[in-house]
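The structure appears right after this line, and notes come after that.
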Amino acid sequence: MSNIEFKKDVIIVGTGIAGSLIAKLLTDHVFDTEKGKMVYRAEVDHPENVRELSILMYEAGLEAGLELDSSSSLTTYNEYIRKFYMEEAKVPNSPYPNLKQAPSPDVLDMEKIIPPFPDKKGYLVQFGPMPFASDAIRIGGGTTLHWLGTTPRMLPNDFRLTEKYGIEINKPDSKVKTPINWPIDYDALKPYYEMAEFEIGVSGNVAAQEYPISESMEEYYGKDYVFPMDEIPQSYMDQKIINGLVGTSVQLNFEEFPLTMVPSPQGRNSTPNPAYGKAKIIKANSTDSGYKLSLNNIENEEYKALGSVWNPYMGERCEGNASCVPICPVQAKYNALKTLKKALYKFNKNENLQKHKFISVQAQSVVYKLSVDQTDQEKISKIHLRRYISKEKTDFVEEVVDTSDSIVILAANAFENPKILLNSKYTVIENGQKVEKTVANRSDQVGRNLMDHMVMLTWGLFPEPIYSYRGPGSTTNISSFRDGNFRSEFSAWISPLDNWGWSWPAFSPGSDISEFLGQGLFGAKLKEALAYRLSRQVLFHFEIEQLPNPNNRVTINDQYLDALGIPRPVINYELTEYEMKAMEQAKLASDQMFKRLNIEDFTKYTEADKNTFIYNNVRYSYNGAGHIVGTHRMGDNADDSVTNSYCKSWDHPNLYIIGAGNMTTLGTSNPTLTLSAFTIRSVESILSDLENKFKN
Ligand SMILES: Cc1cc2nc3c(=O)[nH]c(=O)nc-3n(C[C@H](O)[C@H](O)[C@H](O)COP(=O)(O)OP(=O)(O)OC[C@H]3O[C@@H](n4cnc5c(N)ncnc54)[C@H](O)[C@@H]3O)c2cc1C
Ligand code: SF4
C-alpha cells in the first residue's frame, strides 16, 4: 500500500461528461491573489498574482483511452472501431475494452430473473424482480462514447410533479410520503442549458420545437434563442411518417392528443447557425451572492463545429455513417473526450495547444472508498483506490490519498457514485455512543430511486419503401405525450422515430437474411425479399418516464466482489402500476398510428423475452434507454436528499457528488443535457469553496 501525501486542490473521480465539464471549467479559472477572487484565466492582468488550481482526475479505464494527443487518440479510437467491426453483436459496449479490473454493465449479460435467485452473470448483480436493462462503459470519456446524442431539455412541469400532479413517494421503509419536486426549477436551469448546448455543440431548430406546455416556445427557450448549429435534416422515413400523421390525433383514456412531430435537438455536428454568432466562453463572475457563470461571445471569432479529438477538421459534419450507437467513426457526435481535451490542453501565447501543467489524469485507478475525519467537520479525509498494472493482469497497487485539503468530486455515474459511497463507512460518537454512518447518507437515499426510461418498441412494415438504415439513430420525436393531466395517473413519454429499421427489437438485417435463407431463398430472390423488407422497416420507440421509487436501488454486498475485490453494484428493480399503465396507453397510441399509416404490425412480446410482464391480461416487454438516474438525488433538505441543488453533499463540506444520479425525477428527456446543465451550475459553488480555501 502506498500513502500519498501530495496536496491537490480538487480531485475528480471519472472522466465522463460530468467529470470533464468540471475539469474544463475549473482549469479555465485561476485564483487572483491580489483581488482575492477566482477569475477567468484569459482575463488575468498580472500573471504574478495568479494561483493555479491543482487538479487530479482518477479514471478506472485504460491509460490508452486517455492519451489525447493527435496520434495516440487516433490509434486508440481506431482500435475501438476495429473491435466494433469484428464483434458479432453490435451492442453499445461492443467497440470498447471489456475490463475485468473495471467491469462495465453490459446488455448482453442481462438474464431473466427468477426470484429469489439473482442474475449475476455480468457485472451487475440483479435481484429484480425485473431486470434493469441499461448499460454504461468505464473508459476514458465514459458513456458518451456510445450515447446516441439526443439532447432535449426537460419541461417546466418535470421539475414539479408533486405541485402539479400531486405525486409523492414513500420515504424509505415507511408509509410517510415525501414530495418529488426538484430544489430548482426550469427557469433557474435555463441559462445553464444554454451553456450545456454550447459545450456539447447542439444541432437543432428552436422554431420547429412544439411541446404540450403552457409556456410559449419563446418563454421556454428565450427570445431569439437558437441552437449553435442547424437542424440535422429529418430522414426520408420521418417525412413519410409526418405526412401520414400531421393534423391527426390519438384517443387515450377519454382524452384526445393532437400529434406533434418535431426534429430532435442533438449533440452532433451540422452547419453552424449564423444566428448563433460568435464563438463563446463560459466564465465566472464574482457577485454579492457568490459566483455566477455566464456564456459570453468572443468578439473576433466565429462559432465553429468542433471535430474529432485527433483532428478538429475531421468530423466537423455528421456524415450519416449511422453507427452513432455504439461509435461515431469520425467523432461528429459529441463525446466527453472533447471536453476533457479542453481541460488537459490550453492554448499558449503562440496560440498552440500545450499540455496544461496543473491537471493530470491517473488512469487504471479504480476508486472504491472514502474516509472521513470526524475531528474536522466530517470532511472527506482520504480516497482509497486500486491501481491495476496492465490490461491483462489483475495485480494492483493499493493507494490511499490524503484529501483533507482537497475538494473531492465523485463523477463516476449513477451506479458507481452510490457504490463508492455505500462502501465508505465511518464511526462517530453521538451522546457517548458509537454510531456507524455511511458517507453522505444521512437521508438514507444513497443508491435509492434508481430510474431509467423504460423503452417499449413497436415495429412493422410501411406500405411503401421508406429506406430505413440511413442517418443518425433518430432525427424526429413525437412530443405530444411529454406532459398533461394524465401524469397524475400514468407516466408521460416521448416517442423517437428510429432510423435503424428493426435492428433493436429483431437484430435486423442479419435476422432477415437468416430467415430468408431458412426459407430457401438465394440469388435474385433473396435480394428481392431483402430489398422489400429492409426498405420498409419502421420502428417506433416509447421512452416511458419512471418515477423515483426508494425500493429501486443500488446496494452492495460482501458476497459479490469484482476481480479487484471491490463490491459490484447489487440492483433491486421493480415496475409500478404507474409505468405499466403508461405502456398500455403507449401501445394504444402506437396501434392507432400504425393503423393510420397502414403499417403492417410485426410487434411481438413473448414470454421468452427477459424483461416482460403482463398488465391487464396483456403482455408487454421493455428495454433500457441507458439513462441511469436518481441514485443520489438533490433536494431542499438533508432529510430526504443526498446533495443540495449544487450537487454538494449535505454531510461533508468538501464532497460533491455529480451526475444523472442527482436528478430528482426523470421527465421525458434524455438526461445528459440536464445533467450537464446542473453540473456546470455546480461549478459556481466549487469556485466559492476554492476562494474560501485560498483566502484562509
Ligand atoms: C446506449 C446508450 C445511449 C444513450 N443515449 C443518450 C442520448 O441520446 N441522450 C442522452 O442524454 N443520454 C444518453 N445516454 C446516457 C448518457 O450516456 C449518460 O447520461 C452520460 O454519459 C452520463 O455521464 P457521466 O459523466 O455521469 O457518467 P459516465 O459517462 O458513465 O462516466 C463515468 C466515468 O467514471 C469512470 N469511473 C467509473 N467508476 C469509477 C471508479 N470506481 N473509479 C474511477 N473512475 C470510475 C468511468 O470509467 C467513466 O469514465 C445513453 C446511454 C447509453 C448506454
Ligand atoms: S450518423 Fe454517422 S457521422 Fe453522424 S453522428 Fe452518427 S455515426 Fe457519426
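Laboratory data are not the source of any read-out in this text; all were calculated from the coordinates shown. Please read these numbers as outputs of a predicted model, since none were measured by experiment. Cβ: placed from backbone, ideal geometry, glycine included. Neighbour counts: every protein chain shown.
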Burial ranking of peptide ranges 328-338, 99-109 (average Cβ count within 10 Å, highest at the top): 328-338, 99-109
Region 194-296: chymotrypsin sites (Phe, Trp or Tyr not before Pro) falling in loop per DSSP and having at most 11 other Cβ within 10 Å: 254
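To the nearest 0.05, how large is the calculated FRET efficiency for residue 52 and residue 78 if R₀ is 30 Å and r is the Cβ-Cβ distance?
Numbers: r = 35 Å, r/R0 = 1.15.
E between residue 52 and residue 78, to the nearest 0.05, is 0.30.
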Packing-based ranking, highest mean first, of 278-287, 55-64 given that Cβ atoms within 10 Å are counted: 55-64, 278-287
Calculated P(r) of the chain - Cα pairs past 43 Å, %: 21
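Past the 32 Å Cα-Cα mark, which pairs from 35/304; 121/595; 190/333; 83/120; 349/379; 100/346? Don't skip to the end; give the middle numbers.
Numbers: 35/304 34 Å; 121/595 41 Å; 190/333 23 Å; 83/120 25 Å; 349/379 39 Å; 100/346 34 Å.
Going by Cα-Cα distance, 35/304; 121/595; 349/379; 100/346 fall outside the 32 Å limit.
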Potential lengthening between residue 514 and residue 164 on full extension [0.36 nm per residue; Cα-Cα distance subtracted]: 120.9 nm
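Net charge near residue 674, counting Lys/Arg +1 and Asp/Glu -1 over other residues with Cβ under 10 Å of its Cβ? Display every interim value, and only then the final one.
Working: positive: 153; negative: 158.
Every neighbour counted, the sum reads 0.
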Cα gyration tensor category, rounded, prolate or oblate, for region 484-626 with a/c compared to 1.5: oblate
Approximate shape of region 371-440 as ellipsoid semi-axes (Cα gyration tensor, √5λ), whole Å, largest first: 27, 14, 13
Cα gyration tensor shape for region 189-250, rounded if a/c is under 1.5, else prolate or oblate: oblate
Centroid-to-centroid separation of region 283-347 and region 102-156 [C-alpha atoms, Å]: 27
Surface/4 estimate of mean projected area, convex hull on alpha-carbon atoms of region 80-133, nm²: 4.0
Which of 461, 529, 547, positive extreme of dipole for the chain (C-beta unit charges): 529
Where labels lie 7 Å past Cα in the beta-carbon direction, separation of residue 251 and residue 588 in nm: 1.0
GluC sites (Glu not before Pro) lying in DSSP loop within region 356-447, provided at most 14 other Cβ fall within 10 Å: 392
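Of all trypsin sites (Lys or Arg not before Pro) in region 600-641, which ones are in loop regions per DSSP and have a Cβ with at most 16 other Cβ atoms within 10 Å? Working shown, then result.
On the way: sites: 604, 610, 619, 633; in loops: 604, 610, 633.
Counting only loop positions with at most 16 other Cβ atoms within 10 Å, the trypsin sites (Lys or Arg not before Pro) in region 600-641 are 604, 610.
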Computed E for residue 121/residue 300 - FRET, C-beta separation, R0 60 angstrom, nearest 0.05: 0.60
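Using the Cα centre as the reference, give the magnitude of the dipole from point charges on the C-beta atoms of region 565-605 (Lys, Arg: +1; Asp, Glu: -1; all else neutral), rounded to the nearest 20 debye.
Details: 6 positive and 7 negative charges, 25 e Å.
That gives a dipole near 120 debye.
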Residue-averaged [θ]222 nm for the chain, counting only DSSP H segments that reach four residues, each worth -39500 (n - 2.57): -6500 deg cm²/dmol
Charged-residue dipole, Cβ positions (Lys, Arg, Asp, Glu), the chain about Cα centre, Debye nearest 20: 1020
Difference of contour (0.36 nm per residue) and Cα-Cα distance, residue 86 to residue 600: 181.7 nm
Among 262, 71, 122 - extreme Cα towards positive end, dipole of the chain, charges at beta-carbon: 71
Length-normalised contact order for region 71-180 - Cα pairs under 8 Å, 6+ apart - percent: 16
Amide H contacts of residue 552 (H built 1.01 Å from N, under 5 Å, at least 5 apart or other chain): 449, 450
